[in-house]
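Remarks on the structure that follows.
Just so it is clear, none of the values below were taken in a lab; they were calculated from the coordinates. Because the structure is predicted, anything quoted here is derived from the model rather than measured. For neighbour counting, all protein chains shown are included, and Cβ atoms are generated from backbone atoms with ideal geometry for every residue, glycine included.
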């Protein structure tokens, strides 16, 4: 996961370098304005069925409340078919669309299209995600100095 600016820039630079002239790169990031992490509590579990048919209960719990764009949390997966719970921890970065566009431009990438979810609905302030399709900018080189 890419949380720090330097990590994001390095990944985007590598993506730009790997794209052909007519290549595209599609990805998603979560939007900051929606504040989705506020619903990541044990009171809002999610249930899924795994590939074996077992029901898995997934509980998210924010570990560090945040006022910036980074959220640390744990995910606990349990199933009656398992001997013990599986626990993971992570940190995600939530970006504004403008900040994302600047990072892309600095890496030599141009936004072709953006959507508010994978169903291609328009991007808005209430969109849960920013789905971005990019291509190399003319010249295909990062704009910042190294």
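Any idea how far the Cα center of the stretch 1-31 sits from the one of the stretch 87-106, in Å?
Using only Cα atoms, the two centres lie 11 Å from each other.
Test of understanding: ordering 133, 15 by Cβ neighbours within 10 Å, fewest first, what list do you get?
Arranged by neighbour count, lowest to highest, 133, 15 become 133, 15.
Sorted from largest down, give the three principal axis spans of the alpha carbons of the stretch 34-93, whole angstrom values.
Dimensions of the stretch 34-93 along the principal axes of its Cα atoms: 39, 19, 19 Å.
Determine the relative contact order of the chain: mean sequence separation of Cα pairs under 8 Å and six or more apart, normalised by residue count, in whole percent.
Computed value for the chain: 29 percent relative contact order.
Would you mind ranking 119, 77 so that the residue whose beta carbon has the fewest other beta carbons within 10 Å leads the list?
The fewest-first ordering by Cβ neighbours comes to 119, 77.
Please work out which option in (1) 18.0, 55; (2) 14.7, 42; (3) 16.8, 54 gives Rg and Dmax of the Cα atoms in Å calculated from these coordinates, and answer with its label.
(1)
With a 10 Å Cβ neighbour count serving as the proxy for reagent exposure, in which order, fewest first, do 48, 93 appear?
Details: 48 11, 93 19.
Going from sparsest to densest Cβ surroundings: 48, 93.
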